[in-house]
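The values are calculated or read from the model by the stated rules, or taken from the named source; none is laboratory data. As the structure is a computational prediction, the values presented were derived from the model and not from experiment. Because the Cβ atoms are built from the backbone with ideal geometry, glycine has one as well, and the counts that use them run over all protein chains shown. Ligands, DNA and RNA are stripped out before the accessible areas are found, and what is left, the full protein with its side chains, is counted by its heavy atoms. Shrake-Rupley method; radii C 1.70, N 1.55, O 1.52, S 1.80 Å.
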Amino acid sequence: MANRRMFSLDVVDTDNFLEMSATAQNLYFHLGMRADDDGFVSSPKKIAKVVNCGEDDLRLLVTKGYIQPFESGVIVIRHWGQNNYIQKDRYKSTIYIKEREILRVDNGIYSLDTDCIQDVSKMEAQVRLGKDNKSFCAAEAARDTPVLEKQRDDFEKIYTIYPKKRGKAKAFEYYRGFVGKTGRLINGQRYRLDRRQIYIAVASYVNERQQEGTEVEFYKNFDTFMNKNILDYIEGSEI
């Protein structure tokens with residue numbers, strides 16, 4: 001892994017970056033210095049603590065579109081390709097293969113590839129059909145987890161990737177309705193979704209806003225999105 005890291009002025013010399021707190025800016029540089037050659041950082045919370053920054057700074061970097069978090073706790077520097085060029089003889093590929101596979105790169109910027117997420121979802125469904133598979137055993141064990149606790153854990157993973165942190169409590173109510181046995185009744189139609197469909201829909205909306213360059217303050221509040229707008233990003237949701 002290369003020991004030198006670079007930061008492009010096209011990324012850090014912008015109003016969007018400079019409007020952040022000094023601690024969030026500082027954390028971005030520290031994360032960049034500790035990232036692997038593909039821009040992944042394994043322990044962002046630990047780094048934040050070591051450099052006297054807080055989780056609010058991490059959340060701000062997510063909100064502003066500078067880092068992408070994953071369910072595993074790993075993050076990636078989204079503008080890695082704009083910041084760094086690493087020669088092939090020094091390059092060492094990331095060990096976070098699963099996370100890398102659900103990303104795409106546009107003009108040196110990482111974003112979630114919802115097509116890949118969809119493929120993974122289909123594959124997971126096929127695996128669950130094979131009762132001799134170890135993954136099936138893990139899924140069976142998960143059923144022993146209290147329903148509410150599991151729903152809350154799944155919702156938190158989805159909430160992590162949504163930049164605008166408003167309307168969380170109400171959004172969770174909508175989430176529980178969608179994943180419940182009977183789904184939600186909206187305008188006379190009933191809709192039932194699983195957590196993967198919801199994750200993909202949220203990621204699709206965020207990707208659209210990021211591609212358009214929409215400021216986070218103009219994103220829909222999360223409860224507003226989860227109420228009805230989410231259906232615009234779902235295929236085959238009606239039951």
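Selection of the range 164-178 for residues being touching a residue at least 40 places away in the same chain (Cβ under 8 Å) and of a type in the set (Lys, Arg) yields Lys164, Lys165, Arg166, Lys168, Lys170. Please determine, by comparing only the residues of the range 101-133 that are closer than 24 Å to Val12 by Cβ and either open to solvent by less than 50 Å² (accessible area, probe 1.4 Å) or touching an Asp or Glu at 6+ places or on another chain (Cβ under 7 Å) (or both), which one is modelled with the lowest pLDDT. If we take residues in the range 101-133 being closer than 24 Å to Val12 by Cβ and either open to solvent by less than 50 Å² (accessible area, probe 1.4 Å) or touching an Asp or Glu at 6+ places or on another chain (Cβ under 7 Å) (or both), then Leu112 is modelled with the lowest pLDDT.
In a loop (DSSP other than H, G, I, E, B), hydroxyl-bearing (Ser, Thr, Tyr) and within 15 Å of the chain's Cα centre (by Cα), is that true of Ser72? Yes. Within the range 207-232, if we keep just the residues that are open to solvent by less than 60 Å² (accessible area, probe 1.4 Å) and among the hydroxyl-bearing types (Ser, Thr, Tyr), the residue that is modelled with the lowest pLDDT turns out to be Thr214.
Counting only helices (runs of 4 or more DSSP H) that sit completely within the range 163-227, those holding 3 or more residues that are more than 16 Å from the chain's Cα centre (by Cα) and among the small types (Gly, Ala, Ser) correspond to 168-179. In the range 179-199, the residues that are closer than 13 Å to Gln151 by Cβ form Cβ pairs under 7 Å with partners that are of a type in the set (Phe, Trp, Tyr), at six or more places apart or across chains, as follows: Leu193/Phe178; Ile198/Tyr175; Ile198/Phe178.
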